[in-house]
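Step one of this worksheet: look at the structure below.
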Amino acid sequence: MNFTVKNLAASKHRSACAVVGVFDGHRLSPSAQDLDRLSHGHIVNILKRGDMKSTPGQTLCLYNVPQLNCDRVLLVRCGKEKELDAARYRKVLHGAAAALANLGVKEAVSFLPELDVKDRDLAWRLRKTAEVTREAHYRFDRLKSKQDGNGAPQLRRLTLNITDETELDIARKAVEQGQAIANGMALAKDLGNLPGNICTPSYLASEALRLARGNRRLQAKILTEKEMKTLKMGSLLSVSRGSRQPPRLITLSYHGAARTEAPYVLVGKGITFDSGGISIKPAATMDEMKFDMCGAASVLGTVAAVAEMGLPINVVAVVPSCENLPDGNATKPGDIVTSMSGQTIEILNTDAEGRLILCDALTYSARFKPRVVIDVATLTGACVVALGKEASGLFSNDDELAQELLKAGTVSGDRAWQMPLWEEYQDSLKSNFADMANVGNRDGGAITAACFLARFTKDYRWAHLDIAGVAWLSGGVKGATGRPIPLLTQYLIDQAQG
Ligand code: BES
Ligand code: MN
Ligand code: ZN
């Protein structure tokens, strides 16, 4: 999908569909007013008849509006004019994008960027328009023998109209950024939605290599089982023992600044299928454990987006990847392994495998002399119980970093909520036979998982995002969300601006 930015009066545009906002009380946005005037009050007349529900994001498509150069006018409800905030604006964008997808027009012009949104500037509005529009048109039908879409054409080009000519350059850059983020999210969703028999650790590695081939500032490096053995990654390797698929440790580095600049390191959990291992999970919804590599997908997607934006920073994605399966050779409850850090771990539950692969990847990450390390993982069901599907769980050993990430979440609308990492919680990881156990009791499961990771991240500023609740949706809308790429890219954009 292509986006172009223009600065033209609504009445001057020729298009298959003009998208304009309308507020409560028959109040029209400036462009809607323009079209209304041209059509001698046609739009207000229709609103007065009360044919349109007032819920924000609700749409009504008008055909044959008199005097207009556009074949259709798509009205989008925006609620009360004074109440238009970021969350509502996203609803408006989503409603408009979904309606456009349904109409099956190939091209349209949107006047929604002209709307004033509380505490958000034009660049943000345009970035979100690109992101949300792409999001609404995302399909994953490559594994169906016939592609969906019942023959209706897809939106190919959306023109975004702005009201101030002097802002054209800013606007174009913002749209490019939105596109880059949307591309990163589409990549992450594709990887998440692919089944475990296709998206294996080797498949993730080949995707990193493919990304690196497409951009000279990207570099991929893949470690095999043998190399991980040499590095003494005993914890990571204990998880992959039960699998026929070889494990991989993937790094994808982006160099947008001098080599001497410390990088942002993003570590993503890449369990391509989590059966629980010998501590096997119940059958119901076990298929959703193909999404257990969504952390990996999100850090690869973030690096891809940062590379496409060309941000002047260095970023490294580190992805430990393997399957967690039962087998005669699999790790058993009670087994004790030695992590790369030298600390020993008693594995009381083989289903708490995420932390076992992450701890070695976190130890490995120190070699990049990172500015910060952020790990992203579908780590605990307990986090879903605590925060539901709205927010990622955020843990950090550095309060400034935590605040920056929380802010990036608020600005992007991809929110996180901070949880405690207090020393007192560490007690539950006590083991009689090793330095620590890999699980505590049931209480505070998301916190004790983070406490486990904290034992491996003492040498640098670190944050952990538990995305178990936000990485995918279930039921009729089952599918990966691409979160937390909006949060991570917003954070890195902020950092790049200094
Ligand atoms: N990948 C799961 C976490 C998960 C479960 C995410 C359900 C989303 C939905 C993780 O590897 C896991 O199994 N965690 C266990 C930890 C427990 C054994 C301490 C869990 O949450 O039950
Ligand atoms: Mn598990
Ligand atoms: Zn898992």
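Look at where the Cα atoms of the stretch 22-77 and of the stretch 339-372 average out, and the two centres are 57 Å apart. Ellipsoid semi-axes for the stretch 1-108, based on the Cα gyration tensor and the rule √(5λ), read 19, 18, 13 Å when sorted largest first. What number, rounded to the nearest 500 deg cm²/dmol, is the helix-based mean residue ellipticity at 222 nm of the chain, given -39500 (n - 2.57) per DSSP H run of at least four residues and division by all its residues? Taken over the chain, the calculation gives -11000 deg cm²/dmol.
Restricting to the chain, compute how many DSSP beta bridges are antiparallel as a %, nearest 5. Don't jump to the answer; show the numbers that get you there.
On the way: 31 of 71 bridges.
Roughly 45 percent of the beta bridges in the chain run antiparallel, per DSSP.
3J(HN,Hα) couplings calculated from phi for the stretch 253-266 with the Karplus curve 6.51 cos²θ - 1.76 cosθ + 1.60 (θ = phi - 60°) are, in sequence order, 9, 10, 10, x, 9, 3, 4, 6, 6, 5, x, 7, 9, 10 Hz; Gly and Pro show x. Here is the tail figure for the chain: Cα pairs spaced more than 34 Å apart come to 39 percent of all pairs. Between Asp427 and Glu400, the distance separating the two model label sites (each 7 Å from Cα on the Cα→Cβ line) works out to 3.3 nm.
Length available on full extension from Lys389 to Asp85: 0.36 nm per residue minus the Cα-Cα distance, which gives 107.3 nm.
Gain in length, Asn329 to Gln147, computed as 0.36 nm per residue apart minus the alpha-carbon separation, to one decimal in nm? Let's see the in-between values first.
Details: separation 182, 0.36 × 182 = 65.52 nm, distance 4.09 nm.
Here the segment from Asn329 to Gln147 would lengthen by 61.4 nm.
Note the per residue figure in Å³ for the convex hull of the C-alpha positions in the stretch 388-474. Walk me through the intermediate numbers first.
Details: hull volume 9.0 nm³, N = 87.
Once divided by residue count, the hull of the stretch 388-474 is 104 Å³.
Taking 28 Å as the cut-off for C-alpha to C-alpha distance, list the pairs among Lys53/Lys189; Lys12/Lys173; Lys6/Lys106 that go past it. Check vs 28 Å cut-off fails for Lys53/Lys189. Once you reduce the stretch 118-167 and the stretch 482-498 to the center of their Cα atoms, the two points are 20 Å from each other.
Projecting label points 7 angstrom from Cα along Cα→Cβ for Asn215 and Ile280 puts them 4.2 nm apart.
Evaluating 6.51 cos²θ - 1.76 cosθ + 1.60 at θ = phi - 60° for every residue in the stretch 238-244, the Karplus couplings come out as 5, 6, 7, 4, x, 10, 8 Hz, glycine and proline recorded as x. The shape of the stretch 106-257 can be summarised by an equivalent ellipsoid whose semi-axes, obtained from the alpha carbon gyration tensor, come to 39, 22, 13 Å from longest to shortest. Between amide H atoms placed 1.01 Å from N, distances below 5 Å from Cys70 occur with Ser15, all of them 5 or more places distant or on a separate chain.
Every read-out reported here was derived from the displayed coordinates using simple, explicitly stated rules and does not represent laboratory data. Every value quoted in this text rests on a predicted model; they were computed, and no experiment measured them. So basically every Cβ, Gly included, is an ideal-geometry build from the backbone, and we count neighbours across all protein chains shown.
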